[in-house]
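The structure under discussion appears below in the form of structure tokens.
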Amino acid sequence: MTSSKNILSSDVEIKGKLRFSNDLIIDGRIEGEVNSEGDLTVGENAQIVGDIKTRSVVVFGKVHGNITVTDRCELKQNAELHGDVVAGKLAIEEGAAFMGASTVGAPAKLGASKPASSPAQSSGGSPSGGEGPK
């Protein structure tokens, strides 16, 4: 099986929905939703304004939107994320900026933006978790 990586270089700008199958490296600007069952790398020159729904994502650049991944989300040293994260695993390096909420542990479903039913929203979460049930 051959693994193919697609690259959108720093001079590429896309407005609209972006879908891909395998792995993608974005170093340009995207305005809109990014959706895939593959792996995404957001390069250090990249700017994404919109939601990301993939299997895994590694962020070196800037994302203004929510990230939903079924596996792993990594925020590297100079990454900036303004949005919420839902991921099986979350890694944040020192120097990364993350403004939002995170839900880590249970694998996320890419098709739905919110769980269909959540009888127990928080089971032992931190007291500084932000918004609570109303």
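In whole Å, what is the distance between the alpha-carbon centres of region 15-48 and region 49-69?
If we compute the Cα centre of each part, the gap is 8 Å.
What distance in nm separates the two pseudo spin-label positions at ASP84 and ILE14, each 7 Å out from Cα along the beta-carbon direction?
2.5 nm
Over 10 Å intervals from 0, what percent of Cα-Cα pairs in region 5-99 sits in each interval?
Histogram of Cα-Cα distances, whole percents per bin: 19, 59, 21, 0.
For SER10, what is the net charge nearby, where nearby means another residue's Cβ is under 11 Å from its Cβ and Lys, Arg count +1, Asp, Glu -1? Mind dumping the intermediate values first?
Details: positive: ARG29; negative: ASP11, GLU13, ASP27, GLU44.
Value of the local net charge: -3.
Starting from the amide H of ILE25, placed 1.01 Å from N in the peptide plane, find each other amide H under 5 Å away whose residue is 5 or more places distant or on another chain.
Residues meeting the amide H criterion: ASN6, ILE7, LEU8, THR41.
Quick note: the coordinates plus some simple rules give every number you see, no bench work behind them. Model, not experiment: these values are computed from the prediction. Positions of Cβ are generated from backbone atoms using ideal geometry, with glycine treated the same way; all protein chains shown enter the neighbour counts.
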